[in-house]
Every structure is written in C-alpha cells, then in structure tokens.
Amino acid sequence: METFVGLILFTILIVIQSSLLVHLNILSYMPELLLIFCVYMGARLNWYRGFWWGILCGIGVSAFSVIDLRFAIAVFALSGLIAGSFRGTLFVDSIGIKVILLFFISLLQAILFGVFYKEISLSFFSFNPANKYLFKIPFINCVFAIPLYYIMEKVFTKLSPYEKS
Amino acid sequence: MYERGSKKRLFFFLIILIIILTVLPSKWKHAFRMKIVSIFSPAMHSVNKTTIRTKDNLSAWFHSGDVKRENKKLKIRIQSIEADLVTLEENKLENQRLRQLLQLKESIPEYQFIAAKVIGRDATNWYKSITIDKGLNNGIHRGDPVVSYGGVIGSVFECGNYQSKILLLNDNNSRVGVIVQRTRDIGVVEGQSNSLLVLNYIPRNSEIKPGDILISSGLGSIYPKGIVVGEIVKVFEEKYKLYKFAEVKPAVDFGKLEEVLIINWHDHNDKEMQLDNKEEVVKVSK
C-alpha cells in the first residue's frame, strides 16, 4: 500500500514539476520536488528502498529533461541511498532533521551537477559569486520541503508506522 | 326649519359653482383640475406602489417554484457564458500568436516549417529545455533549428516518434553563431542558464553598443542565416582579453513559449546537396 501511494505521489510530483513549477521560479530557480520526495522516502524507509526510489526519481527526471539518463539515475540513487543510510543514526523521524538532511543532499547534488555539467571550478569554496546558485537551490528545496514533508508524514504515518531502525 | 334652510343654501352654492365652472375659461379649468391631482398624487403614488408590490409579491409567491427553476437555469447559463468568454479570450490570444508565427513563416519562404505546441518544461534546474508534441513521424530530426515569432529558440535535442525535446538557447550547452546587424561583426552567443545570453568572440576594435540587434550568421549549419537572436544590453571590455563580450537579451521570452516552429533544415540541406550533386553531374557530363 505504501509503495502504491508512493507511486501515485511520484506521478503527481513529476507532473507538477514539469508543468506548474516552471512558472513558480523563486530566485530564478525552482524546487526539485523529486529530490525532496526521494530523500523523504530514503529517510523514512531504509537505504536499500531509498536507493530504488532514487533510481525511479532519476528515470522520471531524465524523462522530462535533456539530462543524461545514467547520470540522473546515479545522482538520484546516491541521494536516496545517503538519506536511507542516516536512518537509525539520527533522529530522522522528525521533519526538521529530514529537512536538514535534504539541504546537505541538495548541496551535494548541486555540486555534482555543477562540476559535471555546468563546468564550474572546483574552487567553489572560495565564495565565487558565480557559484551562489549552489546554496540557493538547497535553500529553495528546504523551503518547499517543510509543507510537503508535513503532508507526506500525515499520509504515510496513517498507512503504516515507521519501520524500526 | 334649519335643515331646510341649509339644504337650500347648499343647492344654491352648487348651482353657482356649476355656473362658475361652466363660465370659467378652459385654461383655469385645467389648472384647477391639475391642482386637485397634485393634492392627491402623493397618496395615489404610494397606494399604486404598494398595490404593485403586493401584486408582485403575491405573483412571486404563487410562481416561486418557476422563479427558482428559472434562476437556476440562468445561473447555469451565466456560468457557461463565462466559460465561453474565457475560451474565446484564449482563442483570441492563440490566434494572435499563430498570426505572428505565420508572418515569420511567410518572411522566410525558402524553408519548410513544422508548427508544434509546447507540452512540457524541463524538470531540473540544470537544463533549459521544453518538450513539444511533434516528433520523427512529423518529419522532425535531431539538430533541427526551432524558432518562434520573436526569433531563435533553440534546436531539437532528442526525437521520439511523437514528441521531441528542444534545448533552449539560454541553456549552458547552447551556442549560435551570430552577426551584429549594424557593424557586421561575427561572434558566438552562448546560454548561461538565466534570462540573459552572452555574446563572445567580438574583436576588441568592434564598435558594438547596447541596442544592437544580433541575427544568426548561418555559420555552423545549425541555424539558417538572418533570424533574430537578441539585442545587446551591455558591452564589457577587459584590459587583457583578446575579445569583447556582451550581455544579450534574447528575442524570445523562454518562459512564455506555447507554440514553436521547427525549421525542416534537415530536408532542406538534403535537397540542396542533391541539387549540388546534380549540378556537378551536369558539369562533368558537359
């Protein structure tokens, strides 16, 4: 049942991401709903299922973008895996911790995309103004994740309580 | 005795009144009559109003069922008319856009165009692309240039049977060779994933300035020559660099794309190559 609801949510989010969100640009970037979803599923379930949800999100993202399929799958699967690995090591059941986790995973993803596709310099820690977007995107993701995680928490906790870590 | 006297007085008074009224000129008679009407008119008015209102209320009470039904019908009708109005407005706007596209199509008659609708946008922050509702089955090929009534939009990146993905000009990976229309300098416009583009490789001695229009140069065989790319907003010149560079405002608002035209460049190039080959064959045979 949880997987079924997850798939419905995934479908809704991908449709919103590729149609509605383009018109909702904040600071000229849009929130990455599928990353938010993937991190949530990883943090809620475990690293193994987070990894599979990550693969699905990667396929979804690449379907509606010109991004390379293999790269998208690799990055999203890694994100789900990392989020899932934190289960049991942190108080990841709380929404706040999930949002903080999302911030760091988004930052990692931004760096990966930036280095591989945007040809940014690896010296991004030198506060180059061109690299400001690296922090903007995780910030926007976190802002959108708070209400989304609240709704998802309500839906999924009703379906099944948290798995014991 | 008293009663008989008073009756006589009343009788005489009436006779005198009748005589006076008969003798009075008609102008005075009208004035008199109107005076009487004016005295009674407020009362008449209010009585009349009350009567009408009562009649209406009674009628409404008797026909309340009909009124409710009619009200419901009218509400539905208003809703449908409002929906029609929205559709009409949308059609009007679409018509305007299509007319502009048609103008562009007519201004470049040497190419074949395929019109397509935008059905999706890029799902990531890293790329700038759109998905359209035409693909290989409609004659679209990878690399075909895509334009709108404003100017260049980008090129076809990936083709399915019925859908294609267009890499927009403001994507980091997009490049287009351009000519500055006024000075005829040649440069390359590159996307930088935001609302402005960058014009590179302009010689230092060039006299480009803000407001100059950039058109596609046709070099590189991706875009045909002469399509508007954008307008220079700001020119930068650094001391130790070989070239000038400039910020360019694209001719198209990439966020508001709804319909696009794909230039059937692939078929056009094939035909031209076939023609060249024929000419060569003719020359050789001669």
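The values are calculated or read from the model by the stated rules, or taken from the named source; none is laboratory data. What you see is a predicted model; the values in this text were computed from it and never measured. With ideal geometry, Cβ positions are generated from the backbone for all residues, glycine too; neighbour counts draw on all protein chains shown. SASA here: full protein model, heavy atoms, side chains in, ligands and nucleic acids out. Shrake-Rupley method; radii C 1.70, N 1.55, O 1.52, S 1.80 Å.
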- Message: For the stretch B:131-144, give me the residue count where each residue is more than 12 Å from chain A (Cβ to nearest Cβ) and touching a helix residue (DSSP H, G or I) at 6+ places or on another chain (Cβ under 9 Å).
- Response: 5
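Would you pick out the residues in the stretch A:62-89 that are under 17 Å from A:SER18 (Cβ atoms) and open to solvent by 60 Å² or more (accessible area, probe 1.4 Å)?
If the condition is that a residue be under 17 Å from A:SER18 (Cβ atoms) and open to solvent by 60 Å² or more (accessible area, probe 1.4 Å), then A:PHE64, A:LEU69 are the ones that fit.
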- Would you confirm whether any residue within the stretch B:107-114 is more than 14 Å from A:SER18 (Cβ to Cβ), within 14 Å of chain A (Cβ to nearest Cβ) and in contact (Cβ under 8 Å) with a residue 24 or more places away in the chain? no
- Unmet criterion (only one of (1) open to solvent by less than 20 Å² (accessible area, probe 1.4 Å); (2) within 14 Å of chain A (Cβ to nearest Cβ)) for B:GLY160: (1)
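Yes or no, residue by residue, for (1) open to solvent by 60 Å² or more (accessible area, probe 1.4 Å); (2) touching a residue at least 12 places away in the same chain (Cβ under 8 Å); (3) more than 14 Å from chain A (Cβ to nearest Cβ):
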position: B:THR124; (1), (2), (3): no, no, no
position: B:VAL146; (1), (2), (3): no, yes, no
position: B:VAL152; (1), (2), (3): no, yes, yes
position: B:VAL176; (1), (2), (3): no, yes, yes
- Residue match in the stretch B:61-84 (condition: within 30 Å of B:PHE254 (Cβ to Cβ), charged (D, E, K, R) and open to solvent by 100 Å² or more (accessible area, probe 1.4 Å)): no
- Task: With the checklist (1) in a helix (DSSP H, G or I); (2) modelled with pLDDT under 90 in hand, flag the one item A:ILE120 doesn't pass.
- Result: (1)
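Based on what the data block shows, is A:ALA110 buried (at least 16 other Cβ atoms within 10 Å of the Cβ), facing chain B (nearest Cβ under 10 Å) and among the hydrophobic types (A, V, I, L, M, F, W, C)?
yes
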